[in-house]
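Remarks on the structure that follows.
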Amino acid sequence: MPVISVANPKGGAGKSTTALVLGTTLAHFGGTVSLIDCDPNRPIAAWAQGGSATAMRVISDVTESTIVPTIDRERGGRQFVVVDLEGTASRMVSRAITRSDLVLIPMQASAVDAAQAARAVDLVREEEQVLNREIPFRIVFTRTSSAIPTRNEKMIVEELRASGIPVLTTHLNERAAFKSLFTYRVALAELDPILVNGVPAAQENAQRLSEEVVELVATLTKKARA
């Protein structure tokens, strides 16, 4: 089953949020999901201590020696494996990328984030050379406006596409509900709309992102088998 790694060497790009939103949304719609938390700060492992009723399995006790067998074990019995990678180039990151069917690279619409995202792209391409096969990846913009894209955002998107860097159509918008996942340590569907603003809009955003990722993975899998 598909392995989706989430990677970016820059902190604050929305890596763990993207992984958590994707994993819990897939689980909410009936998918069997394992989320492997490789971040040294263990944000998703801490989230899992909150008592969420989601069926998503969270695994955090992984090392560079165990990451590959852990991924292989989980992909054998789950429909989706999401891997939240540590925010640095390391052997663990490299090994997880080699096992990935898709690498998502979250970034905010800023020149600083674009430069760090480029480092993540370079890392994927280095692993492609080692394996002598393509490792599909996509940039996913985070913390963007849900209304009108800023001029800065449009310019960065155009520059990425002009450079041949593929970008997901759906962005993970700036929403209080996404931050509240870590505050209340539950899934989006479990947030109280009275306590947290914009829960329905966040759920719709998460569903659109998940649907695009699932459709992309299905297309890539079909292409690989052809």
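For the chain, what is the accessible area per residue in Å², given a 1.4 Å probe and the full set of protein chains?
Result: 47 Å² per residue.
I need to check one value: relative contact order of the stretch 51-160, counting alpha carbon pairs closer than 8 Å and at least 6 residues apart, in percent.
25 percent
Measure out, as a whole number of angstrom, how far apart the alpha-carbon centroids of the stretch 81-150 and the stretch 153-178 sit.
Answer, in whole Å: 13.
Could you state the per residue volume, in Å³, of the convex hull enclosing the Cα atoms of the stretch 83-226?
It comes to 129 Å³ per residue, whole-number rounded.
Name the most mobile residue of V82, V93, V62, meaning the one with the largest mean-square fluctuation, in a Gaussian network model of the chain with Cα contacts below 10 Å.
Per the Cα network of the chain with a 10 Å cutoff, V62 tops the list.
Over the chain, what relative contact order in percent results from Cα pairs under 8 Å that are six or more residues apart?
Dividing the mean separation by the residue count of the chain yields 25 percent.
With a Förster radius of 41 Å, plug the Cβ-Cβ distance of T150 and A89 into 1/(1 + (r/R0)^6) and report the FRET value to the nearest 0.05.
Rounded to the nearest 0.05, the efficiency is 0.90.
Show me, for the stretch 107-122, the HN-Hα J-couplings you get by feeding each phi into the Karplus relation (A = 6.51, B = -1.76, C = 1.60, θ = phi - 60°), rounded to Hz, glycine and proline as x.
Values per residue, Gly and Pro as x: 7, 8, 7, 9, 5, 5, 5, 4, 5, 6, 5, 4, 5, 5, 4, 4 Hz.
Would you calculate the separation in nanometres between label points at D61 and E159, each defined as 7 Å from the Cα along the Cα-to-beta-carbon direction?
Calculated label separation equals 4.5 nm.
Counting only protein heavy atoms, what percent of the accessible surface of the stretch 70-211 is carbon or sulfur at a 1.4 Å probe?
49 percent
Largest first, how would S163, S145, S90, S5 line up by accessible area (1.4 Å probe)?
These residues rank, largest area first, as S163, S145, S90, S5.
The values are calculated or read from the model by the stated rules, or taken from the named source; none is laboratory data. Keep in mind it's a predicted model, so treat the numbers as computed, not measured. Note: ideal-geometry Cβ built from the backbone for every residue, glycine included; neighbour counts use all protein chains shown. The protein model used for the area step is the full one, side chains on, heavy atoms only, and it has no ligands, DNA or RNA in it. Shrake-Rupley method; radii C 1.70, N 1.55, O 1.52, S 1.80 Å.
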